[in-house]
Amino acid sequence: MLIEGKGMEELRGALIGAGFFARNHMQAWRDLASEGARIAGVCDLDPARAQTMAEEFGAEPFTDPVRMLDVLSPNFVDIATTPPSHRALIELCAPRTRLVICQKPIADSHSDAAAMVEACERAGVPFLIHENFRWQRPFMRLQELLREGAIGTPRFMHLSFRHRWDVYAGQPYLATVPRLAIMDMGVHLFDLLRLFLGEAEAINCETQRRNPQVAGEDGFTALTRHEGGAVGVTDCSFHTLRRPEPFPQTMTRLEGDEGTLELLEDYRLLIHDAQGRREEDVEPSVPAWGEKPWHVVQDSVRNFERHALQVLRGEAAPQPSGADNLRTLELCLAAYESAATGRRVELGTFVLGEVAA
Ligand SMILES: NC(=O)c1ccc[n+]([C@@H]2O[C@H](COP(=O)([O-])OP(=O)(O)OC[C@H]3O[C@@H](n4cnc5c(N)ncnc54)[C@H](O)[C@@H]3O)[C@@H](O)[C@H]2O)c1
């Protein structure tokens with residue numbers, strides 16, 4: 001179906017999982033209606049959640065994904081459930097649509113993630129992971145500066161994500177999962193490291209559990225070596241008290257042969273190069289439906305979904321694809337292995353079994 005007056009194909013989507021984060025998905029899809037997006041169905045195992053979200057966004061509610069696919073034949077499916085359901089949903093949807101999008105983390109295990117990548121390859125559909133940190137405005141600007149050659153070849157990156165925001169209020173399951181900080185936040189940070197420094201070859205990692213109320217590690221510090229010799233340092237904590245609370249900003253330093261880029265508090269970007277030092281404000285605007293301090297995340301969801309429409313129209317390759325994100329999961333699993341054994345783990349020789357939780 002063409003959108004009236006625009007000569008543009010309407011892209012009919014279906015959302016699976018109407019929980020905490022899916023609201024951002026739905027708001028952003030609604031913003032992209034002028035670019036052809038329409039979410040026609042919302043499915044959740046919890047009928048009240050499906051009903052409430054479907055009603056708010058003018059979609060049809062479902063509790064059974066199979067029935068939703070039968071009724072709507074969507075052009076794309078947006079999966080916003082937690083990882084235990086991802087594999088079955090991808091295997092169900094891949095043969096029945098033109099694009100599958102899946103929230104991070106791709107899966108809890110390497111075997112599930114590999115099966116998902118395979119299912120999409122077999123069906124011949126692009127597989128896009130909802131990995132939105134690389135779509136945050138500050139990191140999009142860093143990518144642009146790097147492409148322009150502002151700092152030459154990157155050699156070192158430090159990513160720091162430390163806060164004491166009560167993430168457990170909106171996502172109570174986070175307090176109960178045996179693997180917390182690396183699987184929830186490390187996936188984002190490792191995706192950025194791989195994007196900016198290239199493929200990781202080895203990792204050393206220490207984990208900490210500082211908040212006694214949570215089951216998993218709520219902090220980690222990792223040292224990575226990347227192809228070509230670049231080095232990454234990643235530190236993350238969900239139990240760091242600082243005023244003002246910096247959540248959800250990622251403090252960053254990216255050093256290249258010709259200069260350095262720094263992301264500091266309050267979305268200040270410093271560019272150090274041969275000419276001297278200049279500063280840019282890289283704070284995104286707050287979406288009409290959004291609020292601070294979530295605006296950087298909410299804006300990134302919209303950027304990501306705009307990209308998803310381009311993938312669906314064949315104008316862009318998935319960023320990141322499921323196959324790419326499998327490498328990020330491997331780095332996470334290697335981080336757990338390093339923390340458990342106290343040893344450096346080489347990615348090339350690391351046996352990707354089901355590492356004990
Ligand atoms: N990219 C980001 O910035 C970001 C931020 C927060 C959460 N997330 C990710 O989003 C995902 C969802 O997180 P959340 O906090 O919204 O979880 P949630 O528990 O609030 O919501 C998940 C929903 O999925 C439903 N569901 C589960 N299995 C289903 C199935 N088979 N069919 C239909 N519905 C099903 C549940 O009933 C629930 O309503 C997680 O993977 C999380 O890591 C990403």
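The values are calculated or read from the model by the stated rules, or taken from the named source; none is laboratory data. The model shown is predicted, which means the values in this text are computed figures rather than measured ones. With ideal geometry, Cβ positions are generated from the backbone for all residues, glycine too; neighbour counts draw on all protein chains shown.
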With the condition kept exactly as written, say whether any residue in the stretch 71-87 is closer than 22 Å to Leu333 by Cα and among the charged types (D, E, K, R). yes
Leu146, sole failed condition from (1) aliphatic (A, V, I, L, M); (2) closer than 27 Å to Cys236 by Cα; (3) within 12 Å of the ligand (Cβ to nearest atom): (3)
Selected residue (criterion: nearest to Glu315 (Cα to Cα)) from residues of the stretch 120-153 that are without any contact (Cβ under 8 Å) to a residue 40 or more places away in the chain and either in contact with a Phe, Trp or Tyr (Cβ under 7 Å, 6 or more places away or on another chain) or outside any helix (DSSP H, G or I) (or both): Val125
Can you say whether Leu261 is touching a Leu at 6+ places or on another chain (Cβ under 6 Å) and not assigned by TED's automatic domain parsing to the domain that holds Leu180, as far as the supplied structure shows? no
Those residues that are surrounded by fewer than 18 Cβ atoms within 10 Å (Cβ to Cβ) and either without any contact (Cβ under 8 Å) to a residue 24 or more places away in the chain or in contact with an Asp or Glu (Cβ under 6 Å, 6 or more places away or on another chain) (or both), I need them from the stretch 292-316; list them, please. Lys292, Gln310, Gly314, Glu315, Ala316
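In the list Gly58, Gly7, Gly36, Gly41, which residue meets the criterion of being more than 10 Å from the ligand (Cβ to nearest atom), crowded, with 23+ Cβ neighbours inside 10 Å and either more than 22 Å from Gly322 (Cβ to Cβ) or without any contact (Cβ under 8 Å) to a residue 12 or more places away in the chain (or both)?
So the residue among Gly58, Gly7, Gly36, Gly41 that is more than 10 Å from the ligand (Cβ to nearest atom), crowded, with 23+ Cβ neighbours inside 10 Å and either more than 22 Å from Gly322 (Cβ to Cβ) or without any contact (Cβ under 8 Å) to a residue 12 or more places away in the chain (or both) is Gly41.
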The stretch 108-130, residues that are surrounded by fewer than 24 Cβ atoms within 10 Å (Cβ to Cβ) and aliphatic (A, V, I, L, M): Ala114, Ala115, Val117, Ala119, Ala123, Val125
For the stretch 315-332, name all the residues that are more than 27 Å from Met8 (Cα to Cα) and charged (D, E, K, R). Asp324, Arg327, Glu330
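Okay, residues lined up against (1) part of a helix (DSSP H, G or I); (2) modelled with pLDDT of 95 or more; (3) under 21 Å from the mean Cα position of the chain (by Cα); (4) more than 15 Å from the ligand (Cβ to nearest atom):
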{"site": "Phe20", "(1), (2), (3), (4)": "no, yes, yes, no"}
{"site": "Arg30", "(1), (2), (3), (4)": "yes, yes, yes, yes"}
{"site": "Ala48", "(1), (2), (3), (4)": "yes, yes, no, no"}
{"site": "Met53", "(1), (2), (3), (4)": "yes, yes, no, no"}
Output the strands (runs of 3 or more DSSP E) that fall wholly within the stretch 242-357 and possess 1 or more residues being of a type outside the set (S, T, N, Q) and closer than 21 Å to Asp184 by Cβ, or say none. 251-256, 260-264
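Would you check if Ser300 is outside the structural domain of Asp31 (by TED's automatic domain parsing) and touching a helix residue (DSSP H, G or I) at 6+ places or on another chain (Cβ under 6 Å)?
Values: outside the structural domain of Asp31 (by TED's automatic domain parsing): yes; touching a helix residue (DSSP H, G or I) at 6+ places or on another chain (Cβ under 6 Å): yes.
Answer is yes for this residue.
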